[in-house]
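To keep things clear, I will list the structure first and then write my remarks on it.
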Amino acid sequence: MDSVVITGMGVISSAGTNLEEFWKTLSSGTITYKEIEEYKDDNNYRIKIGARVADNSWQVLVPNQYKQIYGKASQYSIAASISALENAGLAIEDLSHLRVAIVLSTTMGEINIEEQLSMIKQCENYEKITKEFLEKYRTDNIVSAISNILNTSGPIYVVPAACAGGNYAVGFGKKLLEWGEVDVVIAGGVDVFSRVAFTGFQRLLSLSPDMCRPFDKDRKGLVVGEGCGIVIMEKLCSAKARKAHIYGEIMGVGLTSDRFHMTSPHPQGDGAERAIACAIKEANISPEDINYISAHGTGTVANDKIEVKALKAVFGSDKVPPISSIKSMIGHPMSAAGALELIASIQMMERSILIPTVNYLHPDPECDIDCVPNIARKANINFILSNSFGFGGQSSSIIIKNGSK
């Protein structure tokens, strides 16, 4: 069976809206979250910090008519997809004779539109809501918008897998290519910063009051973020035929559910352990072949401890490779997390540098792993494992082989 490879990447993130800025921010260990202006004086919010996309340069990629029709999540998806196609060396005209699938995940959908609809209904009258504005709320707009601007006619899918969704989208895209259903897949995840998500995590008492500290003994929670990560996937033979740059080969995907709790991870890391093991089995490699792990690493007490437990169960207590979490710098962008972390991992392979876990000061005996604390380091990376876990027990792991090896 011909391999599935990644040939293009696009990002919208608080760390940057192009690949070079994204890499520079993460490799330097720069924190991108801060106090949210509209919440700083609001006594309803105990926690005030979040990670928002401050650079609006991505907007030049979205035609004005699409800004009128679609919400922010759709616009993020359009911009990141166009960037990823350009990075892959594919022009929009090239797609007209190809079977192109679009597979994206989102946790909150066009939640900003819902918030506006709710405000109109509460403060004015539901009759003030126009049909055109109501149609902006549709979650399938996120993939339809990309299809419309690129003029593709292939299948489009929205994958509802919470914060594991980015990996689920890439995994499904891999299957579509292997089944011979499509020629190119545009895959990833998107979520925008919203009052609903920010309030929800407040009520779950999951937010850190200051810093996201994955694997640190004094970690206090996550930071809500936003963004979009997109990868372009195709068969190895087609990538070679058009002399595309090959970033990495998707070797294995593990998708599971731990069936335990709506918001809490399984205490033994059941779903996470099985997802990691499934990915390794499909990749047909041994755990020792993996040189780096991109952690889910939210910075919550339970999640980090359980992820380490799952990793030790698969790799062995003292054999877990270096692991780091970019959420320490960009917060948790929900469904965009998996795709952004996968892209960051590929950049690490390309540059032979491990991105650090910042804010790490006090080792936790229950998380006694090498988390690449605070400073990036050089490393030879042939295989990476990227983990993403979500509410409802969704667990996902992806293994990528270095495209230059």
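Some values worked out for this structure:
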| quantity | calculated |
| --- | --- |
| Listed residues 72, 281, 235, most fluctuating in the chain (Gaussian network, C-alpha, under 10 Å) | 281 |
| Estimated FRET transfer efficiency (residue 40, residue 199; beta-carbon r; R0 25 Å; 0.05) | 0.95 |
| Fluctuation leader among 228, 163, 237 - the chain, Gaussian network, Cα springs under 10 angstrom | 237 |
| Above-threshold pairs, the threshold being 18 Å between Cα atoms, out of 174/235; 48/220; 174/401; 175/281; 220/312; 24/67 | 220/312; 24/67 |
| Sites excluded, GluC sites (Glu not before Pro) in DSSP loops with at most 14 other C-beta within 10 Å, longest stretch of the chain | 182-405 |
| Spacing of the two label points (7 Å from each Cα toward its C-beta) at residue 319 and residue 362, in nm | 3.3 nm |
| Listed residues 337, 311, 185: farthest to the positive end of the dipole of the chain (Cβ charges) | 311 |
| DSSP bridge pairs, the stretch 4-241: antiparallel proportion in percent, nearest 5 | 65 percent |
| Rg over Rh, two decimals, the stretch 1-145 (C-alpha only, Kirkwood Rh) | 1.03 |
| Centre separation in Å (Cα based) which lies between the stretch 222-237 and the stretch 11-44 | 17 Å |
| Counting DSSP beta bridges with both ends in the chain, the antiparallel % (nearest 5) | 70 percent |
| Cα-Cα P(r), the stretch 278-389, percent of pairs per 5 Å interval | 2, 12, 24, 26, 22, 11, 2, 0 |
| Gyration tensor (alpha-carbon) shape descriptor, the stretch 4-241, a/c threshold 1.5 | oblate |
| Projected area, mean over directions - the chain, Cα convex hull, nm² | 18.7 nm² |
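Just so you know, all these numbers are worked out from the coordinates, no wet-lab data involved. Computed from a prediction, not measured in an experiment: that's the story for all the values here. Note that we place each Cβ from the backbone using ideal geometry, even for glycine, and neighbour counts take in every protein chain shown.
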